[in-house]
Every structure is written in C-alpha cells, then in structure tokens.
Amino acid sequence: MIVNLNSIHMGEPSNPSVVILHGLFGSSSNWRTIASKLAARFSVFCVDLRNHGKSEWRDSMSYPDMAEDLAAFIHNSHLAKPLLIGHSMGGKVVMAYLQHHQPEVDKCVIVDIAPVDYSHDHDELISALGKLDLENIHSRNEADRMLTLDIPDQSIRQFLLQNLIRDESGFAWRINLEAIANNRSLLFGYSKGNVSDAEILFVRGGNSNYILPEHYSLIAEQFPNSSIQTMPDSGHWLHAEEPGKLTEWLFEFIE
C-alpha cells in the first residue's frame, strides 16, 4: 500500500523542482541546511520516507514499495521532471524509482550509496535503540547516557536521538524500529531493475566504504549515463560533514 509522504517545502513553487530523500534513521530535517541554499533557485521538497519522520508506517520497506511512494508523491505534487537527490537508503529509493518506473526526470544525485548488497546491516544500532526502556527515560540526556555503552560514537548517538520525541504520554520513536529490523535484508540489499539512462552524479565520501572502486562497473552497467565524484575528506554523511562543498557540487551539476 502506497504511503503519502510528509515533506518540508522551501523556495518559490514556480521554480524547477528538487526532491531530497534522506537515509536510514534520518528524516526530512537532515537536509534542511542544503535545502535552504538550493531554495534560492529551486522549489525544494525534503521528504520523510515511510517509517521515518512524520510519514506513515507500513510493515514493508522494500525498495520497489518505497519507489511507488516516491512516484505517487511526484504525481500528487504535480512535479514535472524533478531533480532527485538521495542519500544512502534514499539513494537506493531513487535508483529503484528510475529502474522500475523509467520516469522523465531532469538529473539525479546519489550520495554515497551503490546499487549493491551490503554486509554491514546496522544490527548493533537497531538492537541498541530497541533495548531503550522508553517508559523509564526522563530526558534525552538520560537516553544518550544509556546508549553510550552500545554506541560509543557521540555523533552517531546524537543523529539517532533526533528520532526520539516526547509527547504528553512520554518518549517514543518516530521511526518504525520493528519494520526496519524485519526488513534488514531488503534495506541493505538491492535487486537490479531495468537499465536507466538518467543523467546521474554519484558522490562518494573518500573515507566511506559505501562506494568502492569495485562498484564502479556495476554502477555503469545499470546507469550508463552516470559519473562519480569523490569528496576526499568526507565519510558517509557528506551532507553533515561538508554541506558547503556538497551544495557547491550540486549547483555545478544541476546548472
């Protein structure tokens, strides 16, 4: 069943459209800094994918299903040939949309992900978040302390804890941890679709292992009209580590 995706919009609606898709455990707000820069010339939509942010929850998280969500969002928003930007999981959603729907798009940017299966499936992160006793947590700092043993990297903890929300009944996750856990093999895998001739820029982090030289031929095979650029000093979260440089590269590629 298709999910109606929540989104944040910036920019003049009459300008060319850009749709930005976040990665696993992320949300539309992750790209707000870059979106605000792009909004000077474009009509920018930062989207919450299913089971994330303020979008609806579903049991399935296959890439063809999430590509259907994206297709419905583009159709219902009356976007003509939008530029698509996807990071990590969001990048795979963009690739699945291109390969399964063969749409008319302007250009696409895939940030630090390849159309391949990955062995690192973040089991430890999913497990750590699932172990938190939300009923007995009284503050975000307390949750951070409880996660320290399982997730020693503070920047990762802070990123994940953006999904911890508080209402009148206490703390809750705004991500569907159960669906993410049940769909691990689909989320970290990738099933080939039809070859897409869309013009795509793949941006990889030089310190990341998500796009490796052995992936280049697989990318070219499925997306022959693509190019790859490396940001040497960045890891997987390029939009957080080098937002200025990434924004500059986006403008250069788009225009």
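The values are calculated or read from the model by the stated rules, or taken from the named source; none is laboratory data. Small disclaimer: the values here were computed from a predicted structure and weren't measured. Note that we place each Cβ from the backbone using ideal geometry, even for glycine, and neighbour counts take in every protein chain shown.
For this structure, a couple of remarks:
- Filter result (under 15 Å from I113 (Cβ atoms), charged (D, E, K, R) and crowded, with 17+ Cβ neighbours inside 10 Å) within segment 198-255: R204
- Filtered residue count, segment 56-78, keeping only those that are buried (at least 19 other Cβ atoms within 10 Å of the Cβ) and part of a loop (DSSP other than H, G, I, E, B): 1
- Any pair with Cβ under 8 angstrom, 6 or more apart, that starts in segment 125-146 at a residue that is among the basic types (K, R) and ends at one that is assigned to a helix (DSSP H, G or I): R140/L161
- Flag for F45 being aromatic (F, W, Y), more than 27 Å from N182 (Cα to Cα) and either in a loop (DSSP other than H, G, I, E, B) or in contact (Cβ under 8 Å) with a residue 12 or more places away in the chain (or both): yes
- Of all residues in segment 178-192, those satisfying the criterion of being part of a loop (DSSP other than H, G, I, E, B) and more than 12 Å from S119 (Cα to Cα) are N183, S191, K192.
- Qualifying residue in segment 224-247 (condition: closer than 18 Å to C108 by Cβ, assigned to a loop (DSSP other than H, G, I, E, B), at pLDDT 95 or above and in contact with a helix residue (DSSP H, G or I) (Cβ under 8 Å, 6 or more places away or on another chain)): no
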